[in-house]
Amino acid sequence: MSKKIVVLGGGISGLATAYWLHKEGFDVTVLEKNKEVGGAMETVLVEGNLFDRGPNSGLETTPVISKLVKDLKLDKELIYANQEGNKRYILRDNKLHALPMSPPAFFKTKLFSASAKMRLMLEPFIGRSKDGYYQSISQFVKRRLGQEFLDYAINPFVAGVYAGDPDRLSVYSAFPKLYELESKYGGLIIGTVRSIRERKKRAEVSKNHAKMFSFRNGMQILPKKIASELGERIQILADVESVVKSDNGYKITYNNAGDRKEIVSDYILSTLPAYVASNVFKGIDVKLSEHLDSIEYPPVMVLYLTYPIDKIKQPLDGFGFLIPKKEKKSFLGAIWSSVIFENRSTPKNASFTLFVGGARNPELFSLDKEIIIKKVLNEFHEIMGIEVEPSVKSYRYWSKAIPQYNVGYIEHERYCDKFEVENPGIFLSGNYRGGISVGDCLKNSELVFEKIKNHSQKV
Ligand SMILES: Cc1cc2nc3c(=O)[nH]c(=O)nc-3n(C[C@H](O)[C@H](O)[C@H](O)COP(=O)(O)OP(=O)(O)OC[C@H]3O[C@@H](n4cnc5c(N)ncnc54)[C@H](O)[C@@H]3O)c2cc1C
């Protein structure tokens, strides 16, 4: 008889593992609260324009992604970023500076002062920190690369990835590869050179060199295609309320469009956001519930705008720009969506996706959304040389957007591991474990699949 597993949450983490388990012969049920699958991967059409309201792209850091895409017969939908996507800008003193991508460009750039460039040269001579796992990104980068590099490279980069605050994010948990360059090799420059060789052997690609992908009809096509393969094994509008131990496994209680329902299963894979899982597993482990509840999820507004191309003075030759905190703007940065991927705007128009708020500026949302948008538009127009109002404007407000792997996160990670050992058959996954990017979620989903498969073969 096939093993039964209930997957909680129909975002990419839950669906990918559910799909592989189903193919392995498990009897899978996915419970998803919303009426559509995908979670953060949400794509809509606004007046004929494609607006990715969550992730706009992923990085092909692992062969798992292309294998999955091929398996789902999504090859024809898969698209890669245009060449221009490699050029990224950073705002400094109200001007956009291209992020230098080669040593000669680094020495020429006006993004960093001469003293910041000199400071960077000292990096190979700086020893390891004694703070180990408990360092913030700011502490780590300031020590190794200096204050200006922190302010004008890392601060905006962290905003672009986590919508996060480098003073609070843990370098060990949020950027484990960066941490490893120091702990394993003794420094970032030497570590980068050596790790490239090792990665080649494992057929992995670093985030710096990985190809950026999306889909012709937006990112949500990936979870939707998995869902169509799983068919009636997915229950939508299934709001999971609790999981408790029962005589013959675990009992899941959920609310299905007003009806209270129960399922008993030996195996449960939770991919619920941490703050939801915190309530769901309270009856089994109060301490786990406290750990999960204390993970910060700041709010983010994603703003989508289009303009006629001939009304934009800034040359559109890059991925977009990020804004360092020191520049004191109301938004974190903008992706030039229609420059990077095809099918992102109507002819003769350009589309942009802006990110607002995050851990840097959560208090902004005490203001009315229209006031915030007005402030952001004024700043965006000044930077881009735009003197007209957007022809299309749409936004998505995520009240709890992305989990922040803050200093001390290792305690949550260790407790989740302990919980899984003490409660055999329950697996905790999702973007609060092992990385927030779509690529990391897929890599981890495959690891979790292997873990569940191995576990089921032992019992
Ligand atoms: C605004 C934004 C922009 C991003 N940009 C990028 C990017 O450009 N590139 C990139 O790689 N990553 C990006 N990310 C991160 C990435 O998209 C997410 O980390 C990833 O999609 C998370 O997938 P998940 O399945 O782990 O979680 P989720 O997508 O959060 O899925 C969890 C699922 O659980 C469901 N659920 C919640 N409560 C219940 C309940 N009680 N019962 C049943 N189901 C429930 C939810 O509805 C959801 O479907 C972005 C994220 C956001 C929010």
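Rule-based calculations on the coordinates, nothing more; no lab input. Source: prediction; values computed, not measured. Positions of Cβ are generated from backbone atoms using ideal geometry, with glycine treated the same way; all protein chains shown enter the neighbour counts.
Given the pairs Lys224/Lys375; Lys142/Lys326; Lys211/Lys375; Lys261/Lys451; Lys184/Lys458, which span a C-alpha to C-alpha distance of over 26 angstrom in this model? Pairs exceeding 26 Å: Lys224/Lys375; Lys211/Lys375; Lys261/Lys451; Lys184/Lys458.
With each label modelled as a point 7 angstrom along the Cα→C-beta vector, the Val264-Val286 pair spans 2.7 nm. Taken as Cα centroids, region 243-289 and region 4-23 sit 15 Å apart, rounded to the nearest whole angstrom. Using a simple spin-label model with pseudo-atoms 7 Å out from Cα toward Cβ, Met101 and Ile190 lie 2.9 nm apart.
What is the diffusion coefficient of region 209-256 in µm²/s, taking the Kirkwood radius over Cα pairs and the Stokes-Einstein relation at 25 °C with a viscosity of 0.890 mPa s? Answer from the Stokes-Einstein relation: 175 µm²/s. On full extension, the segment bounded by Ile410 and Tyr133 gains 99.0 nm, given 0.36 nm per residue less the C-alpha separation. Ranked by the mean number of other Cβ atoms within 10 Å of their residues, highest first, the peptides 444-453, 177-186, 100-109 fall in the order 444-453, 177-186, 100-109. Convex hull volume of the Cα atoms of region 238-289, normalised per residue: 75 Å³.
In terms of its alpha-carbon gyration tensor, region 366-430 comes out prolate; a/c meets the 1.5 threshold, and the first ratio a/b outweighs b/c.
Each 10 Å bin from zero holds the following percent of Cα-Cα pairs in region 271-322: 19, 28, 13, 16, 17, 7. When the Cα convex hull of region 26-66 is projected onto planes of every orientation, the mean area is 4.9 nm².
Taken over region 52-115, the convex hull of the Cα atoms encloses 152 Å³ per residue. Counted by Cβ distance under 11 Å from Asn34, the other residues give a net charge of -2, where Lys and Arg count +1 and Asp and Glu count -1. With a simple spin-label model that places each label point 7 Å from the Cα along the Cα-to-Cβ direction, the separation between Ser2 and Arg199 comes to 3.8 nm. The loop-placed trypsin sites (Lys or Arg not before Pro) in region 6-56, going by DSSP, that have at most 13 neighbouring Cβ atoms within 10 Å of their Cβ come out as Lys35.
Using the Cα coordinates of region 1-95, the gyration tensor eigenvalues translate into equivalent-ellipsoid semi-axes of 33, 18, 13 Å, sorted from longest to shortest. For the chain, the direction-averaged projected area of the alpha-carbon convex hull comes to 22.7 nm². Using only alpha-carbon positions in region 190-318, the gyration tensor eigenvalues give semi-axes of 39, 25, 19 Å once each is multiplied by 5 and square-rooted (largest first).
Equivalent ellipsoid of region 112-202: semi-axes from √(5λ) of the C-alpha gyration tensor, largest first, are 20, 17, 13 Å. If the segment from Lys108 to Asn34 were pulled out straight at 0.36 nm per residue, it would be longer than the present Cα-Cα gap by 21.6 nm.
Grab the beta carbon distance between Asp368 and Asp310, set R0 = 41 Å, and tell me the FRET efficiency rounded to 0.05.
Details: r = 32 Å, r/R0 = 0.79.
After rounding, the FRET efficiency stands at 0.80.
When only alpha carbons of region 16-163 are considered, Rg and Dmax amount to 21.4, 62 Å.
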